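The values are calculated or read from the model by the stated rules, or taken from the named source; none is laboratory data. Just so it is clear, the structure is predicted and the values come from calculations on it, not from any experiment. For neighbour counting, all protein chains shown are included, and Cβ atoms are generated from backbone atoms with ideal geometry for every residue, glycine included. For the accessible areas, the whole protein counts, side chains as well, though only heavy atoms, and no ligand, DNA or RNA atoms are used. Shrake-Rupley method; radii C 1.70, N 1.55, O 1.52, S 1.80 Å.
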Protein chains: 2
Amino acid sequence: MTASALIDQVPGPVSKAASDKLNTVFDARAVHFVVDYDKSEGTYIVDVDGNKYLDVYSQIASIPVGYNNAALAAAAKSPAMISALINRPAIGNYPSAQWHDVLQNGLLRAAPRGLDKIFTAQSGSEANELAYKAAFMLYRRKQRAAGAWTPEEVSSCLDNAAPGSPDLAILSFARSFHGRGFGSLSTTRSKAVHKLDIPAFDWPQAPFPQLQYPLEKHAARNAAEEARCLARVEELLQTWRCPVAAVIVEPVQSEGGDNHASPAFFQGLRALTARRGVCLIADEVQTGFGATGRFWGHEHWRLPAPPDMVTFSKKAQTAGYFFGNPLLVPDQAYRQFNTWIGDPARVLLCKAVIEEILDNNLVEQCARVGDVLYAELEKLAVKYPAEIRDLRGKGQGTFIAFDVEDPVGFVAAMKKRGVNIGTCGVSTVRLRPMLIFDETHVPVLINTMEAVLSAL
Amino acid sequence: MTASALIDQVPGPVSKAASDKLNTVFDARAVHFVVDYDKSEGTYIVDVDGNKYLDVYSQIASIPVGYNNAALAAAAKSPAMISALINRPAIGNYPSAQWHDVLQNGLLRAAPRGLDKIFTAQSGSEANELAYKAAFMLYRRKQRAAGAWTPEEVSSCLDNAAPGSPDLAILSFARSFHGRGFGSLSTTRSKAVHKLDIPAFDWPQAPFPQLQYPLEKHAARNAAEEARCLARVEELLQTWRCPVAAVIVEPVQSEGGDNHASPAFFQGLRALTARRGVCLIADEVQTGFGATGRFWGHEHWRLPAPPDMVTFSKKAQTAGYFFGNPLLVPDQAYRQFNTWIGDPARVLLCKAVIEEILDNNLVEQCARVGDVLYAELEKLAVKYPAEIRDLRGKGQGTFIAFDVEDPVGFVAAMKKRGVNIGTCGVSTVRLRPMLIFDETHVPVLINTMEAVLSAL
């Protein structure tokens, strides 16, 4: 079986008309199709032309537990949600009586090991930038020891000048994506379309391992590649023109092409950042919330000590960063602050997402189904070795990807056969099913792929 | 009458205990008091100790139409809202069938004159940074004319280096506040607590007029001061070490101390930015949505041509920027883009806010009540000339402020008498009542102020 009958045109005429109308007031050039969310359900998305797609792209990896999920609908209708929507607080000044419990019984249930504090935000970009600010303030706090702010620091920062506005850096990796704000974009290195024409900080980038597949066959070469990249990180930390306050890394480089590295690489990164007193930030915006068959992607690293901060967004339906070190709370109030500090409505919804994930063992399901899916994809890759290359993500839940010759054409053909699927990097197709994707969906995806591949 | 009996302690013991508990997982050092939002209603906020306050601070100027507003509650319970909450789209790729109409019948009803397009966002910081990015892309587009991106631009931007990552600037004014992201913070010049230890772009700041009050008495001196500031803007645009792509200005500098300038100043700013091909961005995060007795603060400027972009957040309960020039839409899709592009749940709520404002003529009410309030404050200022200084905001709705000797002490005393009120700048008390603040609330505020002032 494949997902559905061949679709004549994606986007269809109704989608196209709706998109053109939208484009008069809102840039709609990136629209894939216009969606009928009322008809979408579970892991299937329905467009306004009535076409139904198995959705393994999931709103750029951000739908956690399916469209029109009943548990989320119940949370959305709750009196607490109504209040959070209509009485939006400046959380830092006037939190609700319930705010502690919403965090404690929600986000903190999902807190990575060793990280027991949280700062809430509204997007992955914002979460990363807040983590950078925390790292910069920590760096300067250590330099200042117990000393007070100097008058020179206080006045110079208003001029954007040193010493108040210091020249400090965040190190990121080539091909990484960490967001589109001016700080987060300065650490993003994925594609020109993300960065061109936007001023950026002069911050360092290290090479990220470029592994060869299959891994078993290239173990020695891949280990050497990872050692080379780690050595370059260390060299940059030692020699960059200004101090580096933090290193940020994705457990799997997602937008940049689903680039993986081994636990040994990340263990090395943790060891060298710890040795040099540099914060390590795990950007789990795309890998977090179960997608790799663990709640957090960095659990695969088997670290002796956790990352200093872990940022999240997407499937969480809210955003922010977890941390453990109390020194990451700035020396004074109002330094890490903004009017809203996240959105309590989205944090409430996140609590329901976490309950749904834990109550239904969806992380374990993702690991299990991922193994089944990977095995089926391996068979396809054997059958179509020229078409499916560098299959990767084994043991990483459904966080699986492979390269194809023409990703745009492949994705278009898949859509016509009723599977909504996405790309990343230059030549990569990435699978980002929701956590409710189960064994029954595997043949729908595989058979559709085979139909597309055999027609190439 | 004053608001209520003298409150023994703010925060009270229940608030204090809740805040201490919260502080174990979430930085709670800036908490004023913990709120019982279920008991709060209209323009009154109730804390968990049962104390009731007339709220003229409104969650840092961000509650538009009162706590537990019935029209907003209806919107929050609507099927459209439930769907927007639980089926959160990547709006740029998969907008809902309703998205055009939600914008057209919501935010675009409130669009400033001359600006008929919108980009949605989640915070004032983000809105400003998106506007900066639009300005930078427009600047380079004009330089590039119809030329394509060069290979050198494409590769250099991944290194954060010119020409792909160009050295371009945004000019802002001394004492301005435009947010806390790395780009927006580089234009914020209000206080060290906002900026210290965070790397910043080397961008120019111009002096903002420091007017003397009463305005009638200092007309010539103030006009000269405004001319001096405009001349300095022009000089910076001509001589800054790199091109300036945009100037951003608040209609009233809010966090920086409620600093006003005359329509002539803003007309001059529009004229000189237009002459030099520099974008003018009006940051209406705090002044927008009716607070100055006009829907947009920049309506007071009586400009012949509108600002190029107008950013908003706070009372809108969502965020974004309006624009008119189609060239501000980048040359390619995905350049101004992110996963969520705002939150449709908040945009739906904003539609209800706009309906509530327009249906109840709340902008006109704000203008009318503001005049009454200002007249009463003038009387108080005459009676207590040493205590209330530089009263300002005449004809600007309820967007009124004055200086006091000890703003922290004043605000604490007001709270004990049942009025929640805020400060800004160094010595300023700012009034930020909701749009439902009416003539019956004026004596509550005035009498409480008189009780506090007479006890000084």
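When the test is whether a residue is under 19 Å from residue A:252 (Cα atoms) and at pLDDT 95 or above, residue A:429 passes it. Screening residue B:32 on (1) modelled with pLDDT of 95 or more; (2) more than 9 Å from chain A (Cβ to nearest Cβ) shows it passes everything except condition (2). Among the helices (runs of 4 or more DSSP H) confined to the stretch A:144-261, the ones with at least 2 residues that are within 20 Å of residue B:182 (Cα to Cα) are located at A:151-158, A:182-187, A:192-195.
Being within 12 Å of the chain's Cα centre (by Cα) and within 14 Å of chain B (Cβ to nearest Cβ), is that true of even one residue in the stretch A:255-271?
As a first pass, look at the stretch A:255-271 and keep what is within 12 Å of the chain's Cα centre (by Cα): A:255-256, A:258.
Narrowing the set further to residues that are within 14 Å of chain B (Cβ to nearest Cβ) leaves A:255-256.
Yes, the conditions are met somewhere in the stretch A:255-271.
Total residues in the stretch A:422-435 satisfying the condition of being in contact with a helix residue (DSSP H, G or I) (Cβ under 7 Å, 6 or more places away or on another chain) and assigned to a loop (DSSP other than H, G, I, E, B): the figure is 5. Apart from one condition, residue A:403 fits all of (1) open to solvent by less than 40 Å² (accessible area, probe 1.4 Å); (2) under 18 Å from the mean Cα position of the chain (by Cα); the exception is (2). Scanning the stretch B:332-347 for residues that are more than 7 Å from every other protein chain (Cβ to nearest Cβ), farther than 17 Å from residue A:124 by Cα and among the aliphatic types (A, V, I, L, M) yields one hit, B:347. Evaluated against (1) part of a loop (DSSP other than H, G, I, E, B); (2) open to solvent by less than 30 Å² (accessible area, probe 1.4 Å); (3) not assigned by the TED database to the domain that holds residue A:416, residue A:73 falls short on exactly one condition, (1). Condition first: out of contact with any Cys (no Cβ under 6 Å at 6 or more places or on another chain) and of a type in the set (D, E, K, R). Now tell me which residues in the stretch B:240-257 satisfy that. Scanning the stretch B:240-257 gives B:241, B:250. Flag: residue A:90 matches the condition of being farther than 25 Å from residue A:432 by Cβ and either in contact with a strand residue (DSSP E or B) (Cβ under 6 Å, 6 or more places away or on another chain) or part of a loop (DSSP other than H, G, I, E, B) (or both).
Scanning the stretch B:55-85 for residues that are on the phi > 0 side of the Ramachandran plot and in contact with a Ser or Thr (Cβ under 6 Å, 6 or more places away or on another chain), we see that the one that is farthest from the other protein chains (Cβ to nearest Cβ) is B:66. For the stretch B:47-54, state whether one or more residues are of a type in the set (Ser, Thr, Tyr), assigned to a helix (DSSP H, G or I) and more than 7 Å from every other protein chain (Cβ to nearest Cβ). No, the stretch B:47-54 contains no residue that is of a type in the set (Ser, Thr, Tyr), assigned to a helix (DSSP H, G or I) and more than 7 Å from every other protein chain (Cβ to nearest Cβ). Of everything in the stretch B:149-162 that is more than 34 Å from the chain's Cα centre (by Cα) and more than 7 Å from chain A (Cβ to nearest Cβ), the residue that is least open to solvent (accessible area, probe 1.4 Å) is B:156. Within the stretch A:24-44, residues that are assigned to a loop (DSSP other than H, G, I, E, B) reach partners that are of a type in the set (D, E, K, R) and surrounded by fewer than 17 Cβ atoms within 10 Å (Cβ to Cβ) with beta carbons closer than 7 Å, at six or more positions or on different chains, in the pairs A:25/B:116.
Would you confirm whether or not the stretch B:29-41 contains a residue that is within 25 Å of residue B:442 (Cα to Cα), in contact with an Asp or Glu (Cβ under 7 Å, 6 or more places away or on another chain) and acidic (Asp, Glu)? Break it down into steps so the answer makes sense when it comes.
Going through the stretch B:29-41, the residues within 25 Å of residue B:442 (Cα to Cα) turn out to be B:32-33, B:35-41.
Applying the additional criterion that residues be in contact with an Asp or Glu (Cβ under 7 Å, 6 or more places away or on another chain) yields B:33, B:35-36.
Right, trim to acidic (Asp, Glu) and you get B:36.
Looking through the stretch B:29-41, at least one residue is within 25 Å of residue B:442 (Cα to Cα), in contact with an Asp or Glu (Cβ under 7 Å, 6 or more places away or on another chain) and acidic (Asp, Glu).
Comparison of A:442, A:411 shows that the only residue that is in contact with a helix residue (DSSP H, G or I) (Cβ under 8 Å, 6 or more places away or on another chain) and either surrounded by fewer than 24 Cβ atoms within 10 Å (Cβ to Cβ) or outside any strand (DSSP E or B) (or both) is A:442.
For residues that are more than 7 Å from chain B (Cβ to nearest Cβ) and farther than 17 Å from residue A:279 by Cα, scanning just the stretch A:163-181, find the one that is farthest from the chain's Cα centre (by Cα).
From the stretch A:163-181, those more than 7 Å from chain B (Cβ to nearest Cβ) are A:163, A:169-179; that's our starting set.
Still in the running and farther than 17 Å from residue A:279 by Cα: A:163, A:174-177, A:179.
Numbers: A:163: 34, A:174: 16, A:175: 14, A:176: 11, A:177: 9, A:179: 9 Å.
Out of the qualifying residues, it is A:163.
Taking the stated definitions as given, is residue B:199 over 19 Å from the mean Cα position of the chain (by Cα), more than 8 Å from chain A (Cβ to nearest Cβ) and over 18 Å from residue B:241 (Cα atoms)? The answer is no for residue B:199. Taking the options A:56, A:46, name whichever one is in the same structural domain as residue A:420 (by the TED database), of a type in the set (A, V, I, L, M), within 25 Å of residue A:369 (Cβ to Cβ) and open to solvent by 10 Å² or more (accessible area, probe 1.4 Å). Answer to the check: A:46.
So, residue B:64, is that one crowded, with 23+ Cβ neighbours inside 10 Å, more than 24 Å from the chain's Cα centre (by Cα) and assigned to a loop (DSSP other than H, G, I, E, B) or not? Don't jump to the end; show me each part of the working.
On the way: crowded, with 23+ Cβ neighbours inside 10 Å: yes; more than 24 Å from the chain's Cα centre (by Cα): no; assigned to a loop (DSSP other than H, G, I, E, B): yes.
The answer is no for residue B:64.
Of the residues in the stretch A:94-141, how many are farther than 19 Å from residue A:325 by Cβ, facing chain B (nearest Cβ under 7 Å) and surrounded by fewer than 22 Cβ atoms within 10 Å (Cβ to Cβ)? Of the residues in the stretch A:94-141, 2 are farther than 19 Å from residue A:325 by Cβ, facing chain B (nearest Cβ under 7 Å) and surrounded by fewer than 22 Cβ atoms within 10 Å (Cβ to Cβ). Taken over the stretch B:382-400, the residue count meeting the criterion of being open to solvent by less than 70 Å² (accessible area, probe 1.4 Å) and closer than 18 Å to residue B:433 by Cβ is 10. Restricting the first member to the stretch A:199-225 and to residues that are under 30 Å from residue B:166 (Cα atoms), and the second to residues that are open to solvent by 60 Å² or more (accessible area, probe 1.4 Å) and among the hydrophobic types (A, V, I, L, M, F, W, C), the beta-carbon pairs closer than 9 Å and six or more apart or on different chains are A:203/A:240; A:204/A:240.
Return the only residue of B:398, B:440 being closer than 25 Å to residue B:361 by Cα and without any contact (Cβ under 8 Å) to a residue 60 or more places away in the chain.
Working: B:398 fails: without any contact (Cβ under 8 Å) to a residue 60 or more places away in the chain.
Criteria check complete, one pass: B:440.
For residue B:131, indicate whether it is of a type in the set (A, V, I, L, M, F, W, C) and in contact (Cβ under 8 Å) with a residue 12 or more places away in the chain. Against the criterion (of a type in the set (A, V, I, L, M, F, W, C) and in contact (Cβ under 8 Å) with a residue 12 or more places away in the chain), residue B:131 qualifies. Contact map, the stretch B:371-394: residues that are within 18 Å of residue B:259 (Cβ to Cβ) paired with residues that are open to solvent by 70 Å² or more (accessible area, probe 1.4 Å), Cβ distance under 7 Å, separation 6+ or inter-chain. Pairs shown: B:374/B:394; B:391/B:378. Kindly establish whether residue A:184 is under 27 Å from residue A:232 (Cβ atoms), polar (S, T, N, Q), more than 9 Å from chain B (Cβ to nearest Cβ) and open to solvent by less than 20 Å² (accessible area, probe 1.4 Å). For residue A:184, the condition - under 27 Å from residue A:232 (Cβ atoms), polar (S, T, N, Q), more than 9 Å from chain B (Cβ to nearest Cβ) and open to solvent by less than 20 Å² (accessible area, probe 1.4 Å) - is not met.
Against the criterion of being crowded, with 18+ Cβ neighbours inside 10 Å, within 22 Å of the chain's Cα centre (by Cα) and over 20 Å from residue B:317 (Cβ atoms), residue B:436 does not qualify.
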